[in-house]
Amino acid sequence: MLPTPKKFFVTAGSAEGKNPLNAFDNALLKCRIGNLNLMRVTSILPPGVQYCPGMEIPPGSLVPTAYGYIISDVPGEQIAAAVGVGFSNDSFGVIMEYSGKCGSQEAERAIESMLKEAFETRNMELAGTKIAATEHRVEKIGCALAAVPLWY
């Protein structure tokens, strides 16, 4: 059985690369998670986790992470990614990810809408949010990425 994470932060970053994988890797580095082994998870934030924006995770760690990203090789195209965490007062939280061919404000609005719907669907009160977003104008090959790493 895996332990339940106790800490998290939200992050977003964009970068160029000489190929799609390096653009993705460079965006991970901008997000401060490029030297970690990410284990992609879905959308539930455990009850009682602590928001730790400056958290440092040891390189090579296996890190449960919810993330969304987009890669484009269309010069001049604008891409964006966002993540958001919705909090309840007395229970677990919900994480949403978004990426698309748009700006960061549109990505943030999409996250806000998705969090609202997720809480309504669960008949829970949305007590607060934390959102991170990024946008990028592609030069050659670009990536926009947003993530919620969870830690112990």
Cβ-Cβ under 8 Å, sequence separation 6+ or interchain: first residue in region 9-38 and in contact (Cβ under 8 Å) with a residue 40 or more places away in the chain and open to solvent by less than 40 Å² (accessible area, probe 1.4 Å), partner among the β-branched types (V, I, T) and in a loop (DSSP other than H, G, I, E, B). Which pairs? T11/I33; G17/I141; A23/I141; I33/I57; L36/I57
Determine whether S43 is of a type in the set (S, T, Y) and at pLDDT below 95. yes
Restricting attention to region 20-41, which residues are in a strand (DSSP E or B) and of a type in the set (A, V, I, L, M)? L38, M39
Of G100, G17, G93, G68, the only residue that is small (G, A, S), closer than 18 Å to I131 by Cβ and touching a helix residue (DSSP H, G or I) at 6+ places or on another chain (Cβ under 8 Å) is G100
From the list I131, I57, I70, I111, which one is under 21 Å from G34 (Cβ atoms) and either in contact with a Gly (Cβ under 9 Å, 6 or more places away or on another chain) or modelled with pLDDT under 95 (or both)? I70
Restricting attention to region 132-152, does a residue exist that is in contact (Cβ under 8 Å) with a residue 60 or more places away in the chain, part of a loop (DSSP other than H, G, I, E, B) and over 22 Å from G17 (Cα atoms)? yes
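The values are calculated or read from the model by the stated rules, or taken from the named source; none is laboratory data. Quantities reported herein were computed from a predicted structural model and do not represent experimental measurements. Cβ sites come from the backbone with ideal geometry, for glycine too, and all protein chains shown count toward neighbours. In case anyone asks, the SASA skips ligands and DNA or RNA and just uses the protein heavy atoms, side chains included. Shrake-Rupley method; radii C 1.70, N 1.55, O 1.52, S 1.80 Å.
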